[in-house]
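**Student:** Below is one structure. I have some questions about it.
The values are calculated or read from the model by the stated rules, or taken from the named source; none is laboratory data. Nothing here was measured: the structure is a model prediction, and the numbers come from that model. Cβ: placed from backbone, ideal geometry, glycine included. Neighbour counts: every protein chain shown. Only protein heavy atoms, including side chains, enter the accessible area calculation; ligands, DNA and RNA are left aside. Shrake-Rupley method; radii C 1.70, N 1.55, O 1.52, S 1.80 Å.
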Amino acid sequence: MTEHRQRVSSGTPWEPMVGYSRALRVGAHVYVSGTTATDPDGQIVGEDTYTQAVQALRNIQWALASLGVGLEHVVRTRMFVTNIEDAEQIARAHSEFFGEIRPTTTLVEVSRLILPEMLVEIEADAIVTER
């Protein structure tokens, strides 16, 4: 028997083109796809890594909330940055959202993202335990 899947779409053009969801909940597990600093119209927010990381994290927070999940349920994040020298900026943004939650995380430098003006992409996994 297949568990029910709840999907969230942000409306960006890449989701239907590639065939993925912004976030997916299957039972207690929630997965948020690589998320960049786009606004509701798909425009990039910010020209620096910190501003883009904050927007990406806000987008993740929105996707989770759309599935009835909070940041406190996040157990892992993965951060991809195009310049590892910007690690301090992305770490500051991550800490503002997850400082007390402290999920496991990974930060790696990549050669580029889908658009040259994108500086950071973040994924998140969450587990919702019912009490």
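**Student:** Of Val26, Val8, Thr38, which is farthest on the positive side of the dipole of the stretch 1-63, counting Cα position, with +1 on Lys and Arg Cβ, -1 on Asp and Glu Cβ, and the Cα centre as origin?
**Tutor:** Ranked along the dipole, the leading option is Val26.
**Student:** Using r as the Cβ-Cβ distance of His4 and Thr104, and R0 as 30 Å, what FRET efficiency do you calculate, to the nearest 0.05? Mind dumping the intermediate values first?
**Tutor:** Working: r = 27 Å, r/R0 = 0.90.
Computed FRET efficiency for His4 and Thr104: 0.65.
**Student:** Could you give the length gained by full extension between Arg92 and Arg58, i.e. 0.36 nm per residue of separation minus their alpha carbon distance, to one decimal place?
**Tutor:** Numbers: separation 34, 0.36 × 34 = 12.24 nm, distance 1.41 nm.
Gain on stretching Arg92 to Arg58: 10.8 nm.
**Student:** About its Cα centre, what dipole magnitude does the chain give when the only charges are +1 on Lys and Arg Cβ and -1 on Asp and Glu Cβ, stated in debye to the nearest 20? Present the calculation step by step, with values, prior to reporting the outcome.
**Tutor:** Working: 11 positive and 18 negative charges, 121 e Å.
Charge dipole, the chain, about its Cα centre: 580 debye, nearest 20.
**Student:** Which one, Val81, Thr49, Gly68, projects farthest toward the positive side of the charge dipole computed for the chain from Cβ point charges (K/R +1, D/E -1)?
**Tutor:** Among Val81, Thr49, Gly68, the one farthest towards the positive end of the dipole of the chain is Gly68.
**Student:** In addition: Once both axes come from the Cα atoms, what is the angle between helix 49-66 and the longest principal axis of the chain, in degrees from 0 to 90, rounded to 10?
**Tutor:** So the inclination is approximately 10 degrees.
**Student:** Considering only protein heavy atoms, what per residue accessible area in square angstrom results for the chain with a 1.4 angstrom probe?
**Tutor:** Working: 7620 Å² over 131 residues.
Result: 58 Å² per residue.
**Student:** Loop-only check: which GluC sites (Glu not before Pro) in the stretch 71-121 are DSSP coil with at most 16 other Cβ within 10 angstrom? If you can, show how the numbers build up before the last one.
**Tutor:** Working: sites: Glu72, Glu85, Glu88, Glu96, Glu100, Glu109, Glu117, Glu121; in loops: Glu100, Glu117.
Those satisfying the criteria are Glu100, Glu117.
**Student:** Also, I was wondering about something else. Which percent of the accessible area of the stretch 67-131 is formed by carbon and sulfur heavy atoms (probe 1.4 angstrom)? List each step's numbers first, then the result.
**Tutor:** Numbers: 1890 of 3950 Å².
Carbon with sulfur: 48 percent of the solvent-accessible area.
**Student:** Something else now. Could you tell me the calculated FRET efficiency between Arg78 and Gln43, based on Cβ-Cβ distance and R0 = 25 angstrom, to the nearest 0.05?
**Tutor:** Values: r = 24 Å, r/R0 = 0.95.
It comes to 0.55.
**Student:** Turning to a different aspect of this structure: To the nearest 20 debye, what is the magnitude of the charge dipole of the stretch 1-59 about its Cα centre, counting +1 on the Cβ of each Lys and Arg and -1 on the Cβ of each Asp and Glu? Don't jump to the answer; show the numbers that get you there.
**Tutor:** Values: 5 positive and 6 negative charges, 72 e Å.
The dipole magnitude comes to about 340 debye.
**Student:** Additional query: Give the Rg (one decimal place) followed by the Dmax (whole number) of the stretch 1-68, computed from C-alpha coordinates and expressed in Å.
**Tutor:** Reported Rg and Dmax, both Å: 12.8, 46.
**Student:** Compute the angle between helix 87-98 and the longest alpha-carbon principal axis of the chain, please, reported from 0 to 90 degrees and rounded to the nearest 10.
**Tutor:** With rounding to tens, the tilt is 30 degrees.
**Student:** Between Met17 and Ser66, what FRET efficiency comes out of the Förster formula 1/(1 + (r/R0)^6) with R0 = 25 Å and r the beta carbon distance, rounded to 0.05? Can you show the working numbers first?
**Tutor:** Details: r = 21 Å, r/R0 = 0.83.
Using R0 = 25 Å, I get an efficiency of 0.75.
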